[in-house]
Structure formats: structure tokens, C-alpha cells
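Presented below is the structure to which this report refers.
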Amino acid sequence: MDRIADIWGPRTPHARGTVWPARVDRHLEEGVAEEDVERWVRSACVLCSNGCGCEIAVRDGRMVGVRGVATDVVNHGRLGPKGLYGSWAWANGADRLTRPLVRENGRLTETDWETAMGRIAEVSRRLLAEKGPLSHGFYTSGQLFLEEYYTLAVIGKAGLGTPHMDGNTRLCTATSAAAFKESFGTDGQPGSYTDIEHCDAIFLFGHNMPETQTVLWTRVLDRTRADDPPRVVCVDPRRTKVAEEAERTGGVHLAPRVGTNTALMNGLTRELFAGGWVDEEWVGRHTLGVEELRETVEPCTPEETARICGVDAGDVRRAARIFGESERVLSTVLQGFYQSHQATAAAVAVHNLHLLRGMIGRPGAGVLQMNGQPTAQNTRECGADGDLPGFRNWSNPAHVRELAELWNVDELTIPHWAPPTHAMQIFRYAEQGSVGLLWISATNPVVSMPESSRIRRILGGDQCFTVVQDLFLTETAELADVVLPAAGWGEKTGCHTNAGRVVHLSEKAVEPPGEARSDLDIFLMYADAMDFRDRDGAPLVKWRTPEEAFDAWRECSRGRPCDYSGLSYDRLRGPTGIPWPCTEQHPEGTDRLYADGVFNTDPEYCETYGHDLLTGGTVTPVEYRAKAPAGRAHLKGAAYVPPHEEPGDEYPLLYTTGRTVYHFHTRTKTGRSRELNRAAPDAWVELSVPDARRLGIAEGDRVRVESPRGAIEVRARIGHVREGAVFAPFHYGRWDPDEVAADGAPRQANELTMTIWDPVSKQPYFKTAACRVVKVADGDGPAPAPTTTASEPAGGSVPPTRGGPEADTSAEPTATPDYPCDPAVTHEAPGHIAEVAAPGRS
């Protein structure tokens, strides 16, 4: 079948409380048959946060295809279009970086590793001598391996002592982590993908799951197409496939005005109180703050919510009733909530709904604050995002002392005197020159960061020495002073943890091209060049291999919420990934957190003492201890405030960005897949039918979209976004000359977005910006947007999106294995993944 045209593959519907049937998806390079494959190498897909277990096909030393693993608990053998067509095809590209590059006389020229690393070490030593560790900044990714993140964290925190470390996870998943900390005391996904099999209703808040986590949506479809489907409630300003399923199952599609999420959530929360749907006894035993929350949301009647959000008051009541009367609700959350003002307040409000109903920690009643990237969870766990490794609290001296003893360094070396520096501030320091060395690994901020022109100026200036390690000469690498060629997925070994806490081992399948090295080896080379030492004079970083790094991380995580102490490479070579915490007491891992109703809020265990959701002001340790949380969750609320930038006469529309199913981030990989690139080859914007009619714009017309910060010129799709909103996919940069407008006009969505962030999570706004749209020229055909997704045209004769013969795949039903955590009705069976709280918690 053509999985470009049929994104989610054939249905395998099943009844509530039963195991999701297995189906093995496979795609091989054109001209390669299964019998031609020399070996299959175990891994997991890294082109979304779902973390689907897979195997890489190898022939003649090349990756030539991929297939799903039927025994894996995450995907039961399925893969999505990005995994099938884009996970491996990029590796064979002729434009891979194969040798280090250094800038000479304004141009990047090839050199050897010793010269490139010698230049980095020279600058690093000079800056340390002149300015100290605050002169160094690191900006990493959500796409490296656990072992690499942990090594980077040790180098940055114990070798250099800089607080300036973050990842592009700040752009996609920082609010997920922040919301967990505010409500439950520490980071860590409380729910499980198996909740889909057992819920009565599914609420998707700002989460276009059919395009961002395709296999997870396949899992949802196989329940909603059964005889006893859960009702779906969709919160999204576009008519996505989620919205269509909401209508089909008798649920609700709430399409709020862009930037009004918190107002909508306050309205839903008030209705739980008004409807008598709050489990008062459970709330009294397991939470704090219910009366303050009740007072905050009391003014938010359905009518007031409708006025602010532009939704129907009756729909608000219907959605609240579904939540209030269902026995088991699963909620999922993503960028529609995360990349907006009041992001953390809106995400925490989802937790509030579940806590008020006592629906957490049991099958079918859970929360999935999703990630946007495959290893975003590892960035957060290992401390490469700035936080302390193991979900430790930088404000807790005992936690800092633990790390100092583990690494055998002075406590004062580890930066803990102030909050970790978030990415938006790191780039500000680089702009000012106080950060004199900025090391960027496996990410492309010139395309992905807000206000693109500003990022180009920062990285193109001479006030900051920039190092970039990546697979290709990206838009960011083109501006670097040193470029280091990195090995990619399938070319190195390491672990990664998905949004559901499931840990996979990805084995090396092929050699990287030329002189490219793994990110782990690059970081180790820097540590050696800098000669970082512990207090006894021994090398600070004591491992040389991925497995040794993993074993070091196991010890760092021991006793913390993300406890890996029961895991090993040998165990991860088994039939499935394993969710943490995994310990000697719970060797099969932990499917759900907080099944006992005890949360990680004890002052000696928690990761943060919390913040005011409205202002971002921190709660002091003394204030926090005075609350005596004693394992109870925090109910927190915030009044709605309007977005920073609202429409007006000059800019009458609201601009919002997002993703499409066929591409991942800035297309460094997926743009090099023929099948995926043909499906969505160029940038576009989406307008509603009324807005397009008013502006005199037809399908395919070239339009100019302007905000106070910049402009893009792309073709228009007349689609299903709500009136007053303009949607643009953010994936498209300028690395392919054929993809630049004929007049050289920019096409990067983030030319228009703003350098402002949520007060708690520090996640920047990508969902709210005032804009205007003007027609530039008549179109010579339809927009390049797909027809198979939320970008479907509202009308007209637009050719359907197809993959063609090259996209042929197989999807083979197979005997469904006895997964250890399926279904909930057999949760007493031996071998079931324990539904218990993290060990070691007070």
C-alpha cells in the first residue's frame, strides 16, 4: 500500500479492555526485496516522540529499509510515514558532512579533527581564563542519545561549571516538564499509551496527533472504530482529523481563538465544580489548593468563556459533561498549548481536571503531556536542558551534594546559585557577547527559533564563536566558525526514551560516512582536549563507550523518579522497550505513575518548589515547606490574560505555526526522503474560506504574510483553519535553492514569530502573532500543502496527495504477543508492568 496516501494504514479495531492487535509495517528501498536484506538491526524510530520499536535493514553496508517490531509495547509493529520513508533514507545522501570544517578568511574549509578540536579548545581555554565558565553556552537537541546527553551534562556542569545549557526541547516540550513539576513535584509522564485501550473518552488539547504522532493516532483509531468507541474531544483552531473523529464519536470540537487556551480551560474547570463532578473525598486526601482554584475559575462561566474564546457556550458545557460523567478519561497535550502565552497555566489546567476527578494512575485515566522530539525526555532527565540530572532540585543543597559526590567535584563547581539559563536567554547572551562560545549540536535554530532574522544576525556576527555538530551543512552550520561531522541514527549505539518513559536501545547498523564521529565521541574528544579532572586528579569523564556511559547514568538516576538502575544493555536487547522507573523491586518497569495517589511533592524529593503561574515568580523553599505537601499534588490556577500581541487595524489576523505529517522539524532528514518531500515539497499558509474571500485570495495564489518582525511569501491553501487565524508549517528553510521564491523572498515561518516566552516554562510563543496577508500574484496551481491531513483544501479540484510506486509498503497482521502491560483487566497477572509509584520517594 501507499502510506503517503494512507497515512495510518489498515484498521484493526478491538473492544475496550483488550490488547491492541499487532501489525508489522515494512518499507524497503526500491529494488530491494526482503531476501536481499543481509541483517536486521534492532532500534527505535526517532522521527517523532512516540519511539516505535523497529529494525533497520542492512545490505552492502547501507541502510536500505525498516520494519516495525511486533513485540514492542509502544507500537505493536506499526510505523508511520516518517519512520517508513524518512528514518533511514537521509543516511545515503551525497551531501553528508564527512570532514570537519573551520572558517578561514570568511569561508568554511575542510580540515582534520585535531585542527578543528584544537581551535575549539584554544578558544575555550582563553574564554575561561578571561571571563570564566559563564562565557560558555551549549544548545543541544531532542535527537541525541541518553549517553550523549549525560556526557554533555557532566562536561558542562562539572567540567566547565556553566549554567548556560539548554536544548531545542525548550521550543517543543519545556512546558510538558514544567507542568509536571508544578502539579506533581517532578517531571515524568504519569500516564501510559495503554490508557487508550481502557478509556471512555479522549481529550486532545492542542494536539494534532494524526500528524505529530501517527502511530499513536493509529492506536486511537483502532479504538474509535470499534463497536464501543471512546468519545473524542478536540481543542484546536483547525479542523484536524481529530476534530472529524470528535464529531464521528459524539464528542466535541472546540476551536478557540488563538491565544485563549487558559480561558477555555478555566471554563471547563468551573463546570466540573458547577456540575458536582469533583471527587471531593479524593481531592481532600491527595491534593492541595482546591479552594484557591475554585475561586480563580468561578467567574469563568460558559458564556464568558464563549465570549473570550469564540466558541459555543453549549459546546463548553458538553465537553465538561463528557469529562465529568466519564469513568476514565485520557488527556493528551502538545504544541497548541505549549507554544503559547500562559503555556504552563494551560497545561497545568489539564492536570487539574484529572485531579479534581481523581482520574490519575489507573488504567484509562491518565495524562500524556506529549513531547515533540524522540529523545526530549532524555534531555530533561540527564540535565542537558539545564536542569540537574536525575530530576534533582537545583535549590536543594542535598541534591547538589549528591551530584558532587557522584562526580567527585567541589559542590561550588556545579552551577546552582540561580535557575538554569534557558535557550532564549542563552541566545541573548550570545547576542551581547557575554557567551563567547556557543556549541550547537544536532539542531538548526536558524530555522526553528523564533524571529529567524535575529538568530541569523547572532550566529553570523563575530561577537560569539560558534561550533555546530550535525549531519549536513544546515542553515545554522553555514554560519558556524567550526563544523563537526556527526554520525546519525543507525550509525552509532545508544539509548533513547520516548514520551511514555519507554527506554529503547538503538544498535549501530552501519558505519558513518568519511570521518564523521558519534556525538558521544565528539564530546569525549573535547573533554580530553580540555583535560577535565575530578578532585583526585583523575579524568572527570570516566567512560569511553556508550555502554559505560549508560552504566554511569544508571548510578546517577538511582533512587530518583527516573530510576534506570534495573536496566542494562542486555535487558534492552529483549523483545520490547522498558518504561522507567525500573529497579530491582520492579524489574519489568512501571507502566503508570502515582497509582497509589502519592506524588513526588515531598520537599526533600521534589524537583522544584514551584512558581506563580501568572508571573513566573518562584516559590521559596521556606514557603514550599510551610505548605507541607506530604505527597499531595498541587492544584494551581491562573486567571486568563490576553496574548502579548493581538490583532488590530494594521495586522488584523493571528498567525500560528505547526507541523505537517510528512516532515520533522527543519527537514534535515525528511527533506531528503523523496517520498516525503514530494508529499509536501514547499511552504504554504492556510486561510479560512471567509478570510480568503474577503482578501480576494484563491487556492494557490502567492501571498505575502507580514508581522511586525518580518514577512514570508508562499502559496495559499484555502482550508479549515478558523476564521481570523493564519496557519503556517515551520519546517521549511532555505537549504535547497529550488525552494526559495523566485524573487528571493524568505519562506521560513519563524520570520514572523516573536522573542517572548512563557513565564514559567520559558517556552517561546509560536502560536500567537499578529499578521496581515496580501495577495502578491495569481497562482499557477494549488498550494503544495497535502490533501490527506488538516491541510485538506476546503474545495476545488486539488490533486490528491500520493506517494507513487516508490512508496509501496507492506502492513502484515501478525499474532499479537502477550505484552507485559496489556490489558488492564489482566493487571494482576505475573509479569505485568507494575502500576506503582517511583521507588525511593517519601
Identify the residue in segment 703-724 that is crowded, with 24+ Cβ neighbours inside 10 Å and of a type in the set (Gly, Ala, Ser) and, among all such residues, is nearest to Val447 (Cα to Cα).
Ala716
Pairs with Cβ under 9 Å, 6+ apart, first in segment 108-125 and farther than 14 Å from Asp528 by Cα, second surrounded by fewer than 16 Cβ atoms within 10 Å (Cβ to Cβ):
Glu110/Thr98; Thr111/Glu104; Asp112/Glu515
Kindly indicate whether Pro587 is at pLDDT 95 or above, in contact with a helix residue (DSSP H, G or I) (Cβ under 9 Å, 6 or more places away or on another chain) and either in the same structural domain as Leu505 (by TED's automatic domain parsing) or surrounded by fewer than 24 Cβ atoms within 10 Å (Cβ to Cβ) (or both).
no
Only one of Ala178, Ala153, Ala158 is closer than 30 Å to Ile360 by Cα, aliphatic (A, V, I, L, M) and touching a helix residue (DSSP H, G or I) at 6+ places or on another chain (Cβ under 6 Å), namely Ala178
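Only one residue in Val233, Val258, Val252, Val220 is buried (at least 23 other Cβ atoms within 10 Å of the Cβ) and at pLDDT below 95, so which one is that?
Values: Val233 fails: at pLDDT below 95; Val252 fails: at pLDDT below 95; Val220 fails: at pLDDT below 95.
Selected residue: Val258, the only one of Val233, Val258, Val252, Val220 that is buried (at least 23 other Cβ atoms within 10 Å of the Cβ) and at pLDDT below 95.
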For a quick check of your reading of the model, give me the residue pairs whose first member lies in segment 510-525 and is more than 12 Å from Leu484 (Cα to Cα), whose second is at pLDDT 95 or above and assigned to a helix (DSSP H, G or I), with beta-carbon atoms closer than 8 Å and at least 6 apart or on different chains.
Leu520/Glu147; Leu520/Glu148; Leu520/Thr151; Leu520/Pro546; Leu520/Ala549; Leu524/Thr151
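One line per residue, one yes/no per condition, for (1) free of Cβ contacts under 8 Å to residues at least 40 places away in the same chain; (2) not aliphatic (A, V, I, L, M):
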{"site": "Trp20", "(1), (2)": "no, yes"}
{"site": "Arg23", "(1), (2)": "no, yes"}
{"site": "Trp40", "(1), (2)": "yes, yes"}
{"site": "Gly51", "(1), (2)": "no, yes"}
{"site": "Val58", "(1), (2)": "no, no"}
{"site": "Gly61", "(1), (2)": "no, yes"}
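Residues checked against (1) more than 25 Å from Pro729 (Cβ to Cβ); (2) assigned by TED's automatic domain parsing to the domain that holds Asp228:
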| site | (1), (2) |
| --- | --- |
| Glu327 | yes, yes |
| Ala347 | no, yes |
| Asn396 | yes, no |
| Ala418 | yes, no |
Taking Thr305 as meeting all but one of (1) more than 23 Å from the chain's Cα centre (by Cα); (2) among the polar types (S, T, N, Q); (3) closer than 30 Å to Arg554 by Cβ, write down the number of the exception.
(3)
Hey, does segment 266-277 have a residue that's in contact with a Pro (Cβ under 8 Å, 6 or more places away or on another chain) and either among the β-branched types (Val, Ile, Thr) or in a loop (DSSP other than H, G, I, E, B) (or both)?
no
Say we look at segment 128-177 and pick out the residues that are among the aromatic types (Phe, Trp, Tyr) and over 17 Å from Gly372 (Cβ atoms); which of these is surrounded by the fewest Cβ atoms within 10 Å (Cβ to Cβ)?
Phe138
State yes or no: is Ala89 farther than 19 Å from Pro210 by Cα and free of Cβ contacts under 8 Å to residues at least 24 places away in the same chain?
no
For the structure I just gave you, tell me whether Ile4 is touching a residue at least 24 places away in the same chain (Cβ under 8 Å) and closer than 20 Å to Leu505 by Cβ.
no
Any idea how many residues of segment 121-146 are more than 17 Å from Ala480 (Cβ to Cβ) and more than 19 Å from the chain's Cα centre (by Cα)?
10
Just to be sure before I move on: is Tyr429 touching a Ser or Thr at 6+ places or on another chain (Cβ under 6 Å) and more than 23 Å from Asp563 (Cα to Cα) in the structure I sent?
no
Tally, over segment 103-142, of residues that are assigned to a strand (DSSP E or B) and at pLDDT below 95:
0
Just to be sure, is Val689 surrounded by fewer than 21 Cβ atoms within 10 Å (Cβ to Cβ), hydrophobic (A, V, I, L, M, F, W, C) and closer than 30 Å to Gly185 by Cα?
no
Identify all residues within segment 53-98 that are polar (S, T, N, Q) and farther than 16 Å from Ser810 by Cα; write none if there are none.
Thr71, Ser87, Asn92, Thr98
Could you list, in sequence order, the residues of segment 9-55 that are closer than 13 Å to Gly80 by Cβ and touching a Phe, Trp or Tyr at 6+ places or on another chain (Cβ under 6 Å)?
Val46, Leu47
List the helices (runs of 4 or more DSSP H) inside segment 333-419, counting only whole elements, that have at least 1 residues being in contact with a helix residue (DSSP H, G or I) (Cβ under 9 Å, 6 or more places away or on another chain), more than 30 Å from Gly275 (Cα to Cα) and touching a residue at least 24 places away in the same chain (Cβ under 8 Å).
376-382, 397-407
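Quick grid of which residues meet (1) in contact with a Pro (Cβ under 7 Å, 6 or more places away or on another chain); (2) at pLDDT 95 or above:
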position: Phe391; (1), (2): yes, yes
position: Arg401; (1), (2): no, yes
position: Val409; (1), (2): no, yes
position: Ile414; (1), (2): no, yes
position: Pro419; (1), (2): no, no
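Residue by residue, here is whether (1) out of contact with any Leu (no Cβ under 9 Å at 6 or more places or on another chain); (2) more than 30 Å from Glu723 (Cβ to Cβ); (3) modelled with pLDDT of 95 or more holds:
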| site | (1), (2), (3) |
| --- | --- |
| Pro603 | yes, yes, yes |
| Ala626 | yes, yes, yes |
| Ala638 | no, no, yes |
| Tyr655 | no, no, yes |
| Arg693 | yes, no, yes |
| Arg702 | yes, no, yes |
I need the full set of residues from segment 627-655 which are farther than 26 Å from Thr601 by Cα and more than 26 Å from the chain's Cα centre (by Cα), in order please.
Glu646, Pro647, Gly648, Asp649, Glu650, Tyr651, Pro652, Leu653
Given the criteria surrounded by fewer than 22 Cβ atoms within 10 Å (Cβ to Cβ) and either part of a loop (DSSP other than H, G, I, E, B) or of a type outside the set (Asp, Glu) (or both), does Thr615 qualify?
yes
Of the residues in segment 743-794 that are out of contact with any Asp or Glu (no Cβ under 8 Å at 6 or more places or on another chain) and small (Gly, Ala, Ser), the one that is modelled with the lowest pLDDT is Gly744
Would you point out the residue of segment 330-387, among those that are in contact with a strand residue (DSSP E or B) (Cβ under 6 Å, 6 or more places away or on another chain) and of a type in the set (Ser, Thr, Tyr), that is surrounded by the fewest Cβ atoms within 10 Å (Cβ to Cβ)?
Thr332
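The values are calculated or read from the model by the stated rules, or taken from the named source; none is laboratory data. If you're wondering where the values come from, they're calculated on a predicted model, not measured in any experiment. Note that each Cβ is placed from the backbone with ideal geometry, even for glycine, and that neighbours are counted across all protein chains shown.
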